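S.K.: Before we start, here is the structure in question, set down as structure tokens.
The values are calculated or read from the model by the stated rules, or taken from the named source; none is laboratory data. All of these numbers come straight from a predicted model, not from anything done at the bench. Neighbour counts run over all protein chains shown; Cβ positions are idealised from the backbone, glycine included. Surface areas here come from the heavy atoms of the whole protein model, side chains and all, with no ligands, DNA or RNA. Shrake-Rupley method; radii C 1.70, N 1.55, O 1.52, S 1.80 Å.
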2 protein chains.
Amino acid sequence: MSALGAMQDWPLRVMRLVDHAEREHSSREVVTAWADGSITRTNWGEIAGQARRMAKALERLGIRRGDRVATLAMNHAHHLTSWYGAIGMGGILHTINPRLFADQLTYIANHAEDRILLYDKAFAPLVESMKPSWPTIEHYVCMDDGEFAAWLAGEDDDYRWVDGDEREPCALCYTSGTTGHPKGVLYEHRSTMLHTLMEVTPDVFGLTARSVVLPIVPMFHANAWGVPWAAPMTGCKLVLSADYRPQQMCELFRDEGVTHSAGVPTIWMGMIDYIERTGTSLSELKSVTIGGSAAPRAMVEWFRARGINVGHAWGMTETSPIGTCGAPPAGWEDFTDGEQLDYITRQGRIPFGVELRIVDDKDRELPRDGVATGRLQVRGPWVVKRYFKAEEDATDADGWFDTGDVAALHPDGTMQITDRSKDVIKSGGEWISSIELENAAVGCPGVAEAAAIGIVHPKWDERPLLLVVRSEGSNVTPAQIQDHLAGHVAKWWLPDAIEFVDELPHTATGKLSKKTLREQFAGYRFPDAVAMVGR
Amino acid sequence: MSALGAMQDWPLRVMRLVDHAEREHSSREVVTAWADGSITRTNWGEIAGQARRMAKALERLGIRRGDRVATLAMNHAHHLTSWYGAIGMGGILHTINPRLFADQLTYIANHAEDRILLYDKAFAPLVESMKPSWPTIEHYVCMDDGEFAAWLAGEDDDYRWVDGDEREPCALCYTSGTTGHPKGVLYEHRSTMLHTLMEVTPDVFGLTARSVVLPIVPMFHANAWGVPWAAPMTGCKLVLSADYRPQQMCELFRDEGVTHSAGVPTIWMGMIDYIERTGTSLSELKSVTIGGSAAPRAMVEWFRARGINVGHAWGMTETSPIGTCGAPPAGWEDFTDGEQLDYITRQGRIPFGVELRIVDDKDRELPRDGVATGRLQVRGPWVVKRYFKAEEDATDADGWFDTGDVAALHPDGTMQITDRSKDVIKSGGEWISSIELENAAVGCPGVAEAAAIGIVHPKWDERPLLLVVRSEGSNVTPAQIQDHLAGHVAKWWLPDAIEFVDELPHTATGKLSKKTLREQFAGYRFPDAVAMVGR
């Protein structure tokens, strides 16, 4: 601030979102579809009032500024209220992923030093079983409708949000990393607000006061991609669902007139399948954001054929989470249909506020030529600098955070994830994308699932081993799979061996656990490895 | 920032806009239509390179961080380059309005202590005449094509923008106030960036990378409403015109495929008139933002009939300038055509980041009932706190800035300006809107222009006097005008007298100068005032 004059001081605090929504969009609805099939309605004015009551209730329990307030809940209005209530009284909202394994749940609640847990009744058995492992948690509040209402009924809404610096933390979310302990990303008021401002812009989520948005992503998963922050900023209608089953979702889309949604390919796949079988529709849906993993081309085509815009997003817990989003670029009308599809099926382009680059093994920046692939690094105001309680920064000297992804940057501005850096197979100084190999393999008839890992090789450092789960009743042979692969990947990418397995290991969030596979196959040797050395 | 963890440090600096545009939208065009009718094209990559050259050129002239770099120029690419060049080297961009009177020009350049002036060749005579009055200006650079290119040709683009805190000032713009000396609003990097993030959202300007935006508002007028910041943030195509004549503008809209524009009603009026006479069209135009003064209902209808969305904005130099913008609210489809028109012709609704309230003479907040009118006050991160070199803040103890406007806030969230607080006529404790009286009067056949001012009145404090310029050849009488007014305003609003004048005084920016009128009619007494006292 200059001594010569100044603009106003107005810290970017998260509670301004709900204040704005209460003042300007008070009667705009927040709808919940509960797990039991019932629908309840509230609005931004009531959410704000309830959040004030909860802030008082938390203070009454002795929760203080900076304390971690944990939630173990699906998407619903009480969970939303608890976000704003916890942050409003100066607490740090810690959204716990109920799908984590017990040892991870133990670790993160203790590492976070959670003092209170708000949980869904459906998770009561889990909570009971975990209680002995959670010594820091002094209070447990079930968000069952009656119990929750009774808790807040004891308070009035005469409360002023705790104020403070915009760099203060407001929320904590642990990554379900595949190696080591989960790491906590400590979101700040400022980072959250800047991310939200970016997210509502037309080339990202493009939300308006007329939008009806339904995030098909859990609120414990990188804050439901920020939708519960973006909705009150714009005054749009927010639809929350604790139930992702296709029929229930399709009915909700129709009944509530959902215009915008966001989710992972798996969920969309189920809904598309349901729609194809039943002849129903997605009603008012205009815009879909897909992220989490790569959207199949056929899925993108399916949406486009129905006049629904598709944006492919990429991000991670460490990026709040939006890193890229695939809005159409200038000159879009001149693209052929195939070019448009190519564009959309990559992982989107870079919005203002994000800096991306790819680097090689020696940290040298690689060209944006759509060919070079390297470790993807990111900078920006909503990107992690230091993990919660970490001893040192997660960024390099120039402030870059290494995402752990391997990607190409295309001349048209899009980014394309090709692999995770620890999964990429390093063969003779070049990189083989395990993901591309797997995608090509599952396209082969008779292959249900596939995983490619690098096996130590005396000449090439690593060579690919492909592990295949056959479809039920299939007798597909390694030779048939190799033939199929040969039509889709470079010859030197072809796996040195294909082994059949009954099943592949997965992480708590349903991803292939390459780490477990690498452990299982640590001693594996290719049948002809010795022979090859002599070549 | 918490000691426990952190998101990245990433100050909101203006130069990130051009950096982003250079990286992600380098070849996206910036088009200039010059006053001589010629068209030139550059792009964001070249603008960034030229700005670096200019930063070096400014440093070579001895300009230092914090120095004021003034411009006296219409809208064109060189002016745009000078914005980013000046700010990039740490200077404070001071955009001077060439339409100001000589004594104002003298005052502001001296008050700003401008060290260098970049000016259009067309203003060379003005500059020559002003030079003796501008002792602080050491360097004059004409932005004529050849001279400008030659100046920058001496530099390379190996330059790193000056970095610093986001609360540092980046630009200075003086209000052409109607009383006292002009006041300087010192924009900060942060205020500018937050304003820009808000401006590109769908419910404000709604800009995307596919947009083609042409601001029909000068770059010296509250930074062309922020468009030159918003364009590089989104990567849209920017079309700048130094020529606002209707035919030239219409051709530019057509040739460049302009999709978004913003301007004052007067300019639109001229274009609409031209289009009606010639049968041309606005081509690709999809969205128009109108501000500066109230848009006539017929103008809004004209755009709507052509499928062009209209948003009415309100703001001022002190608000960067966007304070409100009239995007359709939730439930828009259920509005009747008349309700939609009513909504649009008010001055828009409140975007996130702006707080508005109306207060009475005792600073008590008034209800948002669409009936109460009061002094409009504003808070937010892009609202002035203290004018340049002022001794005290321009805000009250609670941080509110008094806009000098009188307004109503409607239950639907829209704001409606009814008058300027110093122009409102205070009669018997109630307020009469001078603007509404004037608008009603110019609707009377034979009235070319009208101004209403308050005249001291022994019983009612003030009563309205209406000053009328008759249309050419008109013989309209006071009684006819009173009859007309009686059909449009409350009976107690009817002026106590109507006087005919040959012309009305205007300010440098073309607004009615009520201040001059009040001086001219300071001794005026209503013909029957003495008689009325006895009533």
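S.K.: Mean projection of the alpha-carbon convex hull of the stretch A:307-382 over all orientations, in nm²? Show your work: numbers first, answer last.
M.R.: Details: hull surface 24.7 nm².
Taking the Cα atoms of the stretch A:307-382, their convex hull projects to 6.2 nm² on average.
S.K.: While we're looking at this one, here's another question. By DSSP, what percent of the beta bridges with both residues in chain A are antiparallel, rounded to the nearest 5?
M.R.: Around 55 percent of the beta bridges assigned by DSSP in chain A are antiparallel ones.
S.K.: Label the stretch A:1-103 by shape, choosing from rounded, prolate and oblate, from the square roots a ≥ b ≥ c of the eigenvalues of the Cα gyration tensor; if a/c is under 1.5 it is rounded, and otherwise prolate applies when a/b is larger than b/c, oblate when it is not.
M.R.: Values: a/c = 2.18, a/b = 1.40, b/c = 1.55.
Because a/c hits 1.5 or more and a/b fails to exceed b/c, the stretch A:1-103 counts as oblate.
S.K.: Suppose every Lys and Arg Cβ carries +1 and every Asp and Glu Cβ carries -1, with no other charges. What dipole size does the stretch A:156-197 come out with about its Cα centre, to the nearest 20 debye?
M.R.: 440 debye
S.K.: Could I ask something else about it? State, in square angstrom and to the nearest 100, the accessible area buried between chains A and B, both chains counted, probe radius 1.4 Å.
M.R.: 5700 Å²
S.K.: Turning to a different aspect of this structure: Let me check I've understood the local charge: for B:Q8, count other residues with C-beta under 15 angstrom from its C-beta, Lys and Arg +1, Asp and Glu -1. What total comes out?
M.R.: Residues close to B:Q8 contribute a combined charge of -4.
S.K.: If you don't mind, there's one more thing I want to ask. Relative to the longest principal Cα axis of chain B, at what angle does helix B:246-256 sit, 0 to 90 degrees, rounded to 10?
M.R.: It is inclined by approximately 40 degrees.
S.K.: May I ask what percent, to the nearest 5, of DSSP beta bridges between residues of the stretch B:229-332 are antiparallel? Could the numbers behind the result be given before it?
M.R.: On the way: 3 of 11 bridges.
Taking every DSSP beta bridge within the stretch B:229-332, about 25 percent pair in antiparallel fashion.
S.K.: May I pose another question? Could you state the angle between the C-alpha long axis of helix B:44-60 and the longest principal axis of the C-alpha atoms of chain B, as a value from 0 to 90 degrees rounded to the nearest 10?
M.R.: Between helix and principal axis, roughly 80 degrees.
S.K.: Given a 1.4 Å probe and heavy atoms of the protein chains only, how would you sort B:R518, A:R99, largest accessible area at the top?
M.R.: So, going from the largest accessible area down, we get A:R99, B:R518.
S.K.: Shape of the stretch A:154-218 from its Cα gyration tensor (a ≥ b ≥ c, root eigenvalues): rounded if a/c is under 1.5, otherwise prolate when a/b > b/c, or oblate?
M.R.: Values: a/c = 1.64, a/b = 1.06, b/c = 1.55.
Verdict is oblate for the stretch A:154-218.
S.K.: Oh, and also: With a 1.4 Å probe and every protein chain left in place, work out the accessible area per residue of the protein assembly as shown in Å², rounded to a whole number.
M.R.: 38 Å²
S.K.: Quick one: helix A:15-24 against the long Cα principal axis of chain A, what's the angle to the nearest 10°, folded into 0 to 90?
M.R.: Its long axis makes an angle of about 60 degrees.
S.K.: For the protein assembly as shown, give the percent of accessible area contributed by carbon and sulfur heavy atoms, probe 1.4 Å, rounded to a whole number.
M.R.: Reported share for carbon and sulfur atoms: 49 percent.
S.K.: Just add up the charged neighbours of B:T259: K/R +1, D/E -1, any other residue whose Cβ is under 11 Å from the Cβ of B:T259.
M.R.: +1
S.K.: Residues of the stretch A:1-46 losing 50 Å² or more of accessible surface, assembly versus chain alone, probe 1.4 Å, please list them.
M.R.: Hits at the 50 Å² cut-off: A:M1, A:L4, A:A6, A:M7, A:Q8, A:W10, A:H20, A:R23, A:E24.
S.K.: Here's another thing I want to ask about it. Where a ≥ b ≥ c are the square roots of the eigenvalues of the C-alpha gyration tensor, would you call the stretch B:69-183 rounded, which needs a/c under 1.5, or, failing that, prolate if a/b is larger than b/c, or oblate? Could you put the intermediate results ahead of the total?
M.R.: Working: a/c = 2.05, a/b = 1.26, b/c = 1.62.
It is oblate, given that a/c is not under 1.5 and a/b is not larger than b/c.
S.K.: Here is a further query. May I ask for the distance between the Cα centers of the stretch B:354-412 and the stretch B:500-526, given as a whole number of Å?
M.R.: After rounding, the separation between the Cα centres reads 27 Å.
S.K.: Output the relative contact order of chain B, whole-number percent, from Cα pairs under 8 angstrom with separation of 6+ residues.
M.R.: Relative contact order of chain B: 10 percent.
S.K.: Quickly estimate the mean residue ellipticity at 222 nm for the protein assembly as shown, helices only: each DSSP H run with n ≥ 4 gives -39500 (n - 2.57), and the total goes over all residues, rounded to 500.
M.R.: Working: 33 runs with 320 residues, N = 1070.
It lands at -8500 deg cm²/dmol.
S.K.: Where does the charge balance sit around B:V30 when Lys and Arg score +1, Asp and Glu -1, over other residues with C-beta under 14 Å from its C-beta?
M.R.: Result for the local shell: -1.
S.K.: How about the stretch B:199-243: which of its residues lose at least 20 Å² of accessible area in the presence of all protein chains relative to their chain isolated, using a 1.4 Å probe?
M.R.: B:V200, B:T201, B:P202, B:D203, B:T208, B:A209, B:R210, B:M233
S.K.: What size of dipole, in debye to the nearest 20, comes out for the stretch A:232-333 about its Cα centre when the only charges are +1 on Lys and Arg C-beta atoms and -1 on Asp and Glu C-beta atoms?
M.R.: Charge dipole of the stretch A:232-333: 100 debye, to the nearest 20.
S.K.: Can you order the peptides B:119-128, B:312-321 by their average number of other Cβ atoms within 10 Å per residue, highest first? Working shown, then result.
M.R.: On the way: B:119-128: 16.2, B:312-321: 25.1.
Ranked by mean Cβ neighbours within 10 Å, highest first: B:312-321, B:119-128.
S.K.: Quick one: Debye curve from the C-alpha atoms of the protein assembly as shown, no solvent, what's log10 I(q)/I(0) at q = 0.04, 0.05 Å⁻¹?
M.R.: -0.23, -0.36
S.K.: Another question about this same structure. For the stretch B:76-148 and the stretch A:221-263, what is the separation of their Cα centres, given in Å?
M.R.: Going from one Cα centre to the other spans 52 Å.
S.K.: Taking beta carbons within 10 Å but only from partner chains, what does the mean come to for residues A:351-358? Please list the in-between numbers first.
M.R.: Numbers: counts 6, 14, 7, 3, 7, 2, 1, 0.
Neighbouring Cβ atoms belonging to other protein chains average 5 per residue here.
S.K.: Residues of A:379-388, mean number of Cβ from any other protein chain within 10 Å of their own Cβ, rounded to a whole number?
M.R.: Working: counts 3, 4, 7, 3, 3, 4, 7, 8, 3, 4.
Mean number of neighbouring Cβ atoms from other chains: 5.
S.K.: Semi-axes of chain A's equivalent ellipsoid from the Cα gyration tensor, sqrt of 5 times each eigenvalue, largest first, rounded to whole Å?
M.R.: 41, 26, 25
S.K.: State the antiparallel share, in %, of DSSP beta bridges confined to the protein assembly as shown, rounding to the nearest 5.
M.R.: The antiparallel fraction comes to roughly 60 percent.
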